[in-house]
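The values are calculated or read from the model by the stated rules, or taken from the named source; none is laboratory data. Only a predicted model underlies this, so the values are computations on that prediction, with no experimental measurement involved. Cβ coordinates were reconstructed from backbone atoms using ideal geometry, including for glycine residues, and neighbour counts include every protein chain displayed. When the accessible area is computed, the model is the full protein with side chains, heavy atoms only, and any ligands, DNA or RNA have been set aside. Shrake-Rupley method; radii C 1.70, N 1.55, O 1.52, S 1.80 Å.
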Amino acid sequence: DRHNFPKESLKTIEHMIEGGTPGQTHVYVPQEHLGELDLWNAPYVLIAADVRSLRPTASQKDVGGDYHRPETMRDAIDTMIELYPDLVRLTVIGYSVDNRPIDAIVISDNVSSHEPNEPCLRMVGAYHGDEWASVEVVISTAWTLLGRYNEDESIQELVNGHELWLIPMLNPDGVLDFERRNRNGVDLNRNFSWAFERTPQSGTHAFSEPETLALYDLSINRAFHHNLSVHSG
């Protein structure tokens, strides 16, 4: 209940506020903390005991078709390269905890060579594996840049003047599991060095996870002028 929201009680457990309705606040709580909810002196409704039960299924065509998984995303990138070989290439920036590749879609007018004086822009999705819509936004952006390149002057200027790195799935293991964290139980968005605070969800130290370390290594090798982190409920 939004009007009786137990703000003080939430401070005692790990949680993430995930939006809600005019009358309710939706909160994500790890399963190991579910028992503590009964200690709150406030009414609540358990929407789902396991967030994975809320995962969209392949039959839900009303969401615009199937969401991409790690293997079907690679198929999509291969199709991009087949259709637009002069504009796009695939590179792997690192590997997940379970050794799944972290794919990057690189788009530029001279995509086969690095132009040091050309600024780089980066767009990253699926820091959290249960945010499937973020993956689709990044993939759709890649398709738009490629498909409209010949007819849209503003897109031509963007692609010709920059090296664009689009990373749809920073957390491929989490996407497969429909799990917020990676396979080590770490929230990747809490594992970077800026304002790092050691908590059960943040990891032992900044960049302790192979996924965030991959983004770190990429940042050392490219001068990114802008980064867009894509999240979704």
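Values for this structure:
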{"item": "Accessible area expressed per residue, the chain, with surrounding protein chains retained (probe 1.4 Å, Å²)", "result": "54"}
{"item": "Contour excess over end-to-end distance, with Cα ends at S193 and Q31 and 0.36 nm allotted per residue", "result": "55.6 nm"}
{"item": "From phi via Karplus (6.51, -1.76, 1.60), per-residue ³J(HN,Hα) for the stretch 173-178 in Hz, x at Gly/Pro", "result": "4, x, 4, 5, 8, 6"}
{"item": "For the stretch 61-120, size of Cβ-based charge dipole, Lys and Arg +1, Asp and Glu -1, in debye", "result": "200"}
{"item": "Option label - percent of Cα pairs over 22 Å apart computed here, alternatives (1) 62; (2) 57; (3) 69", "result": "(2)"}
{"item": "Heavy-atom accessible area order for T72, T91, largest first, 1.4 Å probe", "result": "T72, T91"}
{"item": "Inter-site label distance for T91 and T144 at 7 Å from Cα along Cβ, in nm", "result": "2.4"}
{"item": "Cα-based shape type of the stretch 143-233, given that a ≥ b ≥ c are square roots of the gyration tensor eigenvalues and the cut on a/c is 1.5", "result": "prolate"}
{"item": "Residue-wise HN-Hα coupling along the stretch 134-141, computed from phi with Karplus coefficients 6.51, -1.76, 1.60 (Hz; x: Gly, Pro)", "result": "5, 4, 5, 5, 5, 5, 5, 4"}
{"item": "R0 of 35 Å, Cβ-Cβ distance S112-L39: FRET efficiency to nearest 0.05", "result": "0.05"}
{"item": "Highest average packing first - 22-34, 165-177, Cβ atoms within 10 Å", "result": "165-177, 22-34"}
{"item": "Fraction of antiparallel bridges per DSSP, the chain only, in percent to nearest 5", "result": "55"}
{"item": "Charge dipole (debye, nearest 20) of the chain; +1 at Cβ of Lys and Arg, -1 at Cβ of Asp and Glu", "result": "540"}
{"item": "Karplus (6.51, -1.76, 1.60) ³J(HN,Hα), θ = phi - 60°, over the stretch 194-203, in Hz, Gly and Pro reported as x", "result": "5, 6, 5, 9, 6, 9, x, 9, 9, x"}
{"item": "Dipole of the chain [Lys/Arg +1, Asp/Glu -1 at C-beta], most positive-end residue of P30, Y95, A42", "result": "A42"}
{"item": "Apportionment of accessible area to carbon and sulfur, the stretch 117-233, percent (1.4 Å)", "result": "51"}
{"item": "Within the stretch 80-186, percent of DSSP bridges classed antiparallel, to nearest 5", "result": "65"}
